[in-house]
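> Take this structure first; my questions come after.
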Amino acid sequence: MKPLTLYTNPQSRGRIIRWMLEELDVPYSVKVLQYGPQMKTADFLALNPMGKVPVITHGDVVVTEAAAICAYLADQFADKQLAPAPDSPERASYYRWLFFAAGPLEMATSAKAFDWRIDTDNAAAVGAGLYADTLNALETALTRGPYICGEQFTAADVYVGSHIEWGMMFETLEPRPAFTRYVQRLQARKAAIKANELDDALLKQPA
């Protein structure tokens, strides 16, 4: 098996990938980087020129961007069934909402957090559109079953669920009942509990 390494910080989107890896239940190693100079070394910038985590290396392969990492890992470990089969109709929902969270939802919640102007004057030109429209669309993703792809838990739930949880925590996302129920369902998963325990333990260690 090719060595798998996660570059992360427990106060980053690296928590998404930690959870994904725990769902896969495969061996991996972790390299914790502190914000600042450690993320700007020449060696790390060779992996990710953005100088940000998370990053994974899988053998000689390097993957950045949390949504891309989730999709990559689901495909590499297809036997774990964290993505619908390629010929399944649910594969469309999987891609749709995984990248909706990486695009419009990320933009909408960032705009909310930093008070960026998105209104009827510019919404048509902005990927997120109006904030309420983004949240209404997101809510439709949760109406078909307990998970994004109906009965099957997938990497899309790891990614979308993390964004919803953090959005409600930091008050950039309305705590709608559908969002709250969904996050509670995900937080109860054994892999999610273990991933949080591992990252929370890192927070207690000296930098």
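> Test each condition in (1) under 24 Å from Leu198 (Cβ atoms); (2) in the same structural domain as Phe153 (by TED's automatic domain parsing); (3) aromatic (Phe, Trp, Tyr) for Phe44 and report the one that comes out false.
Among (1) under 24 Å from Leu198 (Cβ atoms); (2) in the same structural domain as Phe153 (by TED's automatic domain parsing); (3) aromatic (Phe, Trp, Tyr), Phe44 violates only (2).
> Something else about it: Can you tell me which residue within the range 98-126, out of those that are among the small types (Gly, Ala, Ser) and surrounded by 12 or more Cβ atoms within 10 Å (Cβ to Cβ), is farthest from Phe179 (Cα to Cα)?
Ala123
> Within the range 54-75, how many residues turn out to be closer than 16 Å to Leu98 by Cβ and surrounded by fewer than 17 Cβ atoms within 10 Å (Cβ to Cβ)?
Of the residues in the range 54-75, 4 are closer than 16 Å to Leu98 by Cβ and surrounded by fewer than 17 Cβ atoms within 10 Å (Cβ to Cβ).
> Can you find, within the range 21-49, the residue that is nearest to the chain's Cα centre (by Cα) among those that are small (Gly, Ala, Ser) and either within 30 Å of Gln187 (Cα to Cα) or assigned to a loop (DSSP other than H, G, I, E, B) (or both)?
Within the range 21-49, the subset small (Gly, Ala, Ser) is 29, 36, 42, 46.
Filter again for either within 30 Å of Gln187 (Cα to Cα) or assigned to a loop (DSSP other than H, G, I, E, B) (or both), leaving 29, 36.
Details: Ser29: 19, Gly36: 22 Å.
Selected residue: Ser29.
Residue-by-condition table, conditions (1) in a loop (DSSP other than H, G, I, E, B); (2) free of Cβ contacts under 8 Å to residues at least 12 places away in the same chain:
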residue: Gly51; (1), (2): yes, no
residue: Thr57; (1), (2): no, no
residue: Val62; (1), (2): no, no
residue: Ala71; (1), (2): no, no
residue: Asp75; (1), (2): no, yes
residue: Asp79; (1), (2): no, yes
residue: Ser88; (1), (2): yes, yes
residue: Ala92; (1), (2): no, yes
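> Follow-up. Within the range 178-186, is even one residue assigned to a helix (DSSP H, G or I), modelled with pLDDT of 95 or more and among the small types (Gly, Ala, Ser)?
Within the range 178-186, the first condition is being assigned to a helix (DSSP H, G or I), and the residues that meet it are 178-186.
If we keep only those that are modelled with pLDDT of 95 or more too, we end up with 178-186.
Keeping just the survivors that are among the small types (Gly, Ala, Ser) gives 178.
Yes, the range 178-186 contains a residue that is assigned to a helix (DSSP H, G or I), modelled with pLDDT of 95 or more and among the small types (Gly, Ala, Ser).
> Is there a residue in the range 115-138 that is in a helix (DSSP H, G or I), of a type outside the set (Lys, Arg), touching a residue at least 60 places away in the same chain (Cβ under 8 Å) and over 26 Å from Gln76 (Cα atoms)?
Our first condition is that a residue be in a helix (DSSP H, G or I); within the range 115-138, this holds for 123-125, 131-138.
Right, trim to of a type outside the set (Lys, Arg) and you get 123-125, 131-138.
Okay, now just the ones that are also touching a residue at least 60 places away in the same chain (Cβ under 8 Å), so none.
For the range 115-138, residues in a helix (DSSP H, G or I), of a type outside the set (Lys, Arg), touching a residue at least 60 places away in the same chain (Cβ under 8 Å) and over 26 Å from Gln76 (Cα atoms): absent.
> Let me ask something else. Just give me the residues in the range 12-41 being surrounded by fewer than 13 Cβ atoms within 10 Å (Cβ to Cβ) and either in contact (Cβ under 8 Å) with a residue 60 or more places away in the chain or not assigned by TED's automatic domain parsing to the domain that holds Ile69 (or both), in sequence order.
Of everything in the range 12-41, those that are surrounded by fewer than 13 Cβ atoms within 10 Å (Cβ to Cβ) and either in contact (Cβ under 8 Å) with a residue 60 or more places away in the chain or not assigned by TED's automatic domain parsing to the domain that holds Ile69 (or both) turn out to be Asp25, Gln34.
> Still on this structure, I have one more. Do we find a residue being over 17 Å from the mean Cα position of the chain (by Cα) and of a type in the set (S, T, N, Q) anywhere in the range 83-91?
There is at least one residue in the range 83-91 that is over 17 Å from the mean Cα position of the chain (by Cα) and of a type in the set (S, T, N, Q).
> Can you say whether Lys2 is at pLDDT below 95 and more than 14 Å from the chain's Cα centre (by Cα), as far as the supplied structure shows?
In short, yes.
> Identify all residues within the range 1-20 that are among the hydrophobic types (A, V, I, L, M, F, W, C) and either outside any helix (DSSP H, G or I) or in contact with a Pro (Cβ under 9 Å, 6 or more places away or on another chain) (or both); write none if there are none.
As a first pass, look at the range 1-20 and keep what is among the hydrophobic types (A, V, I, L, M, F, W, C): 1, 4, 6, 16-17, 19-20.
Those that are among the hydrophobic types (A, V, I, L, M, F, W, C) and either outside any helix (DSSP H, G or I) or in contact with a Pro (Cβ under 9 Å, 6 or more places away or on another chain) (or both): Met1, Leu4, Leu6, Ile16, Ile17.
The values are calculated or read from the model by the stated rules, or taken from the named source; none is laboratory data. The model shown is predicted, which means the values in this text are computed figures rather than measured ones. Neighbour counts are summed over all protein chains in view; Cβ atoms, including those assigned to glycine, are modelled from backbone coordinates with ideal geometry.
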